[in-house]
Amino acid sequence: VHCNDIRSLQHAAAGARAAGAAVVFNVRDVKPPGQAYTGAWRLAQLADRVLVLSREMQDALRARLPGALPGTRPSTPVEFIYSVVDPALMHPLPADARAALRRRLGMHEGELAIGYVATVNEKKGQLELLEGAGAALRDRVPAARLHFVGDFEPERDGYARRCRDAAARLGLEGRVVFHGYRAGVAEWYQACDIVLLASRREGLARCMIESLACGTPVVSFDVCSAGEILREHDCGRVAPQGDYGALVAALEELAGDPALRARLGANGGRAARRLFDPGPVAAAYERLYRALSGGASG
């Protein structure tokens, strides 16, 4: 029985174990450093494996999950298996096809297109990004244009409305575009010069790994897994969490050096093919399930 969040674990784990089935508890996000895991997370000890999405997540969960429930094993093993990225969909484009795509998406000639691919909400931090970095980015990188791609409904959602109003109040009209939901998100990764990630927290950010698969470098706050992927594989830049000055400095560095962007993008493409290819990832899940199938009560 594979549980994809704490609620499914609460509902299914005890019954599954009573029936003799193995339990996998898949954790896909990490709480911020100052936020404790509640007592409900002690139920993780009912699982045969806690499964996460990166080595940094593995380290974080091992250190932060609360102790075992009375009568359960002292510690459930925590393993990681990376997410997959579909290489048939997420891949770099030839220069001529990319230029045509940028024109179709409305990117200006000579602009530095920075993509932020995420639903507009508090976790993703678009409002804080605008207020903390919008004016500095406008002044220090004149060619920059920030493209927010993801659900955006200011008429119904207060956070989205505050983002829209902040862009106007800060004089960022024309420099910030809210595109809303777009089905063809791969083309935004392919068309942008840089993808930006300024979330409050992540597990293994999908926009990061999909961007790398498309050959586009990433600038990110130091959310979980960013250092593991971007630093270790030299495919982007990582700024301290909440340091908008450092974030703008990293964007400015990449904006002024097309050769650096190309090198980081090529490194990212190689890393994505090695780490997130569906074949090896599916094989890792198969090995895990086979290992557990003979010892559900182990």
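The values are calculated or read from the model by the stated rules, or taken from the named source; none is laboratory data. Computed from a prediction, not measured in an experiment: that's the story for all the values here. We place every Cβ from the backbone using ideal geometry, glycine too, and count neighbours over all the protein chains shown. Ligands, DNA and RNA are stripped out before the accessible areas are found, and what is left, the full protein with its side chains, is counted by its heavy atoms. Shrake-Rupley method; radii C 1.70, N 1.55, O 1.52, S 1.80 Å.
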Flagged pairs (Cβ under 8 angstrom, 6 or more apart or on separate chains; first in segment 129-141, part of a helix (DSSP H, G or I); second surrounded by 18 or more Cβ atoms within 10 Å (Cβ to Cβ) and of a type in the set (S, T, Y)) are L129/Y116; L129/Y244; G132/Y244; A133/Y244; A136/Y244
Exactly one of A60, A36, A14 is surrounded by 14 or more Cβ atoms within 10 Å (Cβ to Cβ), hydrophobic (A, V, I, L, M, F, W, C) and either out of contact with any Phe, Trp or Tyr (no Cβ under 9 Å at 6 or more places or on another chain) or closer than 19 Å to Y285 by Cα (or both), and that residue is A60
Looking at A88, is it aliphatic (A, V, I, L, M) and open to solvent by 60 Å² or more (accessible area, probe 1.4 Å)? yes
Qualifying residue in segment 199-206 (condition: over 21 Å from D243 (Cα atoms), in a loop (DSSP other than H, G, I, E, B), touching a residue at least 60 places away in the same chain (Cβ under 8 Å) and open to solvent by less than 10 Å² (accessible area, probe 1.4 Å))
no
How many residues of segment 271-296 are open to solvent by 50 Å² or more (accessible area, probe 1.4 Å) and over 18 Å from the mean Cα position of the chain (by Cα)? The answer is 9
Within segment 224-260, residues open to solvent by 10 Å² or more (accessible area, probe 1.4 Å), outside any helix (DSSP H, G or I) and either modelled with pLDDT under 95 or among the aliphatic types (A, V, I, L, M) (or both) come out as V238
